[in-house]
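Step one of this worksheet: look at the structure below.
What follows is calculated from the coordinates using simple rules that are stated; it is not laboratory data. Note that the coordinates shown come from a computational prediction; the quantities given were computed from them, not determined experimentally. Using ideal geometry, Cβ is built from the backbone for each residue, glycine included, and neighbour counts are taken over all protein chains shown.
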Amino acid sequence: EGAPSGVRKGESGKLEKLREGESLEIREGESGQLEPPTRRQRCNEEAREEPLQLREASGKAARQAGADPLPVLVGSGFTRDPIDATPRYTAWINGLTEQQLVQQRLRELTVIHPTWFCHRHTYERLGGLSEAGAGFPEDLDFFYRHLRNGGALARVPEPLLVWRHAESGVTASRGVSWEVIWAMRVEHLETTVLCKKPWSDGFAIWGAGKEGKRLYRSLSEKSRAQVREFCDVDAKKLALGRYAHYESGAFVPIMHFRNVKPPLLLCVKDFDGEFAKNLASLGLCEGVEYLHFSF
């Protein structure tokens with residue numbers, strides 16, 4: 001009553017204005033004027049979102065979860081600006097299946113931060129994003145906490161975001177080092193994968209190069225003891241026959257990939273081409289018999 005056109009008073013007593021696909025709150029300020037609206041949905045300012053489609057995806061994921069739905073973090077596909085920036089990364093993200101959103105979580109964020117959309121409870125149940133500040137990857141931290149606490153992932157496949165590419169990147173501009181991100185990924189690997197069967201009974205690292213050896217050195221002593229062998233196709237590495245970890249005095253065999261038993265932790269950067277063919281030839285099940293770690 002007495003409210004401007006298109007505005008109604010909600011159950012809370014606040015004036016509310018509804019727009020297609022979104023809900024906005026409007027409050028009367030001290031001056032008597034209506035204050036600018038605040039989005040109820042949590043979203044990143046970089047995203048050009050399509051709330052209605054995202055809400056539909058969230059509802060679909062909740063319905064699939066059953067009568068007591070899991071908290072769902074929803075995202076979407078994207079296009080780059082310029083269009084030819086980061087083609088490999090863009091193709092990987094946009095090509096993930098619903099199952100791979102979780103299966104490939106150790107590589108990177110599989111639901112990119114600028115497209116995040118979720119119910120307020122999904123956000124607030126974890127205390128929101130970390131306020132640790134510059135140098136801390138709060139998006140990856142929230143993503144992993146969400147999954148560790150029973151959260152689900154969903155994605156609208158359509159590219160609802162135009163993501164501008166900067167040479168420095170947001171991560172670098174905020175002072176987040178690759179070492180910090182690496183350590184967070186290793187911690188998630190150890191606390192959610194390596195502590196459970198069949199991984200706790202032993203596994204192989206596919207990739208006896210720099211990435212694979214760095215991963216081995218980054219593992220805890222307990223997790224390193226679970227590494228049965230490295231596997232590779234490089235003739236020089238195979239001829240060497242083993243990797244020596246001098247700090248612990250351990251010697252880990254290096255074998256041809258056809259001679260190792262799953263589960264396998266894939267630590268190879270070039271996961272296309274010949275590597276993809278070799279992996280497919282084994283007929284293994286992703287998420288059960290192998291997981292990707294490197295990107």
Any chance you could tell me what percent of the C-alpha pair distances in the stretch 86-163 go past 22 Å?
25 percent
How large, in Å, is the stretch 207-271 by the Kirkwood hydrodynamic radius built from its alpha-carbon pairs?
12.0 Å
Across every pair of different alpha-carbon atoms, what Kirkwood hydrodynamic radius in Å does the stretch 176-295 reach?
14.5 Å
Please compute the length gained on full extension between TYR89 and ALA239, using 0.36 nm multiplied by the number of residues separating them and subtracting their Cα-Cα distance.
50.7 nm
Running Debye on the stretch 119-217 with equal point scatterers at the Cα sites and no solvent, what base-10 log of I(q)/I(0) appears at q = 0.10, 0.23 Å⁻¹?
-0.41, -1.27
Rounded to the nearest 0.05, what FRET efficiency do ARG164 and LYS277 give with R0 = 30 Å and r taken as the Cβ-Cβ distance? Could you check?
0.30
Which ³J(HN,Hα) values, rounded to whole Hz and listed in residue order, are derived for the stretch 192-200 from phi using the Karplus coefficients 6.51, -1.76 and 1.60 in 6.51 cos²θ - 1.76 cosθ + 1.60 with θ = phi - 60°, glycine and proline given as x?
10, 10, 5, 7, 10, 6, x, 5, 5
Karplus-derived 3J(HN,Hα), 6.51/-1.76/1.60, for each residue of the stretch 91-104, Hz, glycine and proline x
5, 5, 4, 5, x, 5, 7, 4, 5, 6, 4, 8, 4, 9
